[in-house]
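Structure first, commentary second.
Computed from the coordinates by the stated procedures, all read-outs in this text should not be read as laboratory data. Model, not experiment: these values are computed from the prediction. Positions of Cβ are generated from backbone atoms using ideal geometry, with glycine treated the same way; all protein chains shown enter the neighbour counts.
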Amino acid sequence: MSQLTIFLDTDASQSLSTTRTPEHIHQQLHSVGVRFEQWQTRDDIAAGDNQESVLSAYHSDVKRLVSEQGYQSVDVISIASSNPQKDALRLKFLDEHTHSEDEVRFFVEGQGLFALHIDNKIYEVLCEKGDLLSVPANTKHWFDLGPEPNLVAIRFFNNPDGWVANYTGEDIASRYSRLDA
Ligand SMILES: CSCCC(=O)/C(O)=C/O
Ligand SMILES: [Fe+2]
Ligand code: NI
């Protein structure tokens, strides 16, 4: 079940609030400029499936969002716990970074934990199958796949080159939650 937990960025030991109600998650994220929606999903996609089959299964959602927002490229991250690259991939997203474009992700299988650093707060969003998250360009954030990843997400880019991260060099992410196995 999707979940939003909010902390101060100076105190990882005590959360300010937690909610699992989709409408509350939507409202709290909307108030800081983040889009959160829950979309219909299918049951015929599994972690590890290739990009072509995922994009073909979700063709109409992808087409709708691309024509609505004008994204330049789309790719798929699909990773199962059997993936030999899982530790390296996990590390890539674990440190605080930004992108010069919106971060738009549609979770079509499994889960992952986003942490958004906005003003003086940390918004930890446990994203599950069906969640669409769009984080504004230049928002500081990090993401945990967990030690035993199970995730398929469609990524939408304004940039034709796809995923480019700018690391902040801060170690703040290490103080907040990780996705457990
Ligand atoms: C949920 S898609 C993989 C993570 C990613 O692309 C990213 O930029 C994390 O910050
Ligand atoms: Fe990112
Ligand atoms: Ni709204």
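Can you compute the charge dipole magnitude of the chain about its Cα centre, using +1 on each Lys and Arg Cβ and -1 on each Asp and Glu Cβ, nothing else charged? Give it in debye, rounded to the nearest 20.
On the way: 15 positive and 28 negative charges, 24 e Å.
In debye, rounded to 20, the chain gives about 120.
Would you mind computing, in nm to one decimal, how far apart the modelled labels at ASP171 and ASN159 are, each placed 7 Å from Cα along Cα→Cβ?
2.7
With a ≥ b ≥ c the root eigenvalues of the C-alpha gyration tensor of region 81-181, is it rounded (a/c under 1.5), prolate (a/b larger than b/c) or oblate? Don't skip to the end; give the middle numbers.
On the way: a/c = 1.39, a/b = 1.14, b/c = 1.22.
Rounded.
Taking every pair of Cα atoms in region 40-100, average 1/r, invert it to obtain the Kirkwood radius, and report Rg/Rh to two decimals.
1.02
For region 37-181, compute the number of Lys pairs whose alpha carbons are separated by less than 20 Å, excluding pairs fewer than 8 positions apart on the same chain.
Details: LYS63/LYS129; LYS86/LYS129; LYS92/LYS140; LYS121/LYS140.
For region 37-181, the number of qualifying lysine pairs is 4.
Taking the mean number of other Cβ atoms within 10 Å as a proxy for protection, how do you rank 166-173, 74-81 from highest to lowest? Provide the component values of the computation, followed by the final result.
On the way: 166-173: 13.5, 74-81: 18.8.
Order by mean packing, descending: 74-81, 166-173.
Nearest 500 deg cm²/dmol is fine: what mean residue ellipticity at 222 nm does the chain get from its DSSP H runs of n ≥ 4 alone, each adding -39,500 (n - 2.57), divided by its residue count? Before the final figure, lay out each step's value.
Working: 4 runs with 36 residues, N = 181.
The helix-only estimate for the chain comes to -5500 deg cm²/dmol at 222 nm.
Return the distance in nm (one decimal) between the two label points of a simple spin-label model at ARG20 and ALA46, each offset 7 Å from Cα along Cα→Cβ.
2.6
For Cα pairs less than 8 Å apart in space and 6+ apart in sequence, what is the mean separation divided by the residue count of the chain, i.e. the relative contact order in percent?
Values: 389 pairs, mean separation 53.5, N = 181.
Answer for the chain is 30 percent.
Need the full-extension length gain, SER82 to SER56, defined as separation in residues times 0.36 nm minus the C-alpha distance. One decimal, nm. Write out the running numbers ahead of the final one.
Working: separation 26, 0.36 × 26 = 9.36 nm, distance 2.36 nm.
So the extension gain works out to 7.0 nm.
Based on the alpha carbons, how large is the Rg to Rh ratio for the chain when Rh follows Kirkwood?
So for the chain, dividing Rg by the Kirkwood Rh gives 0.93.
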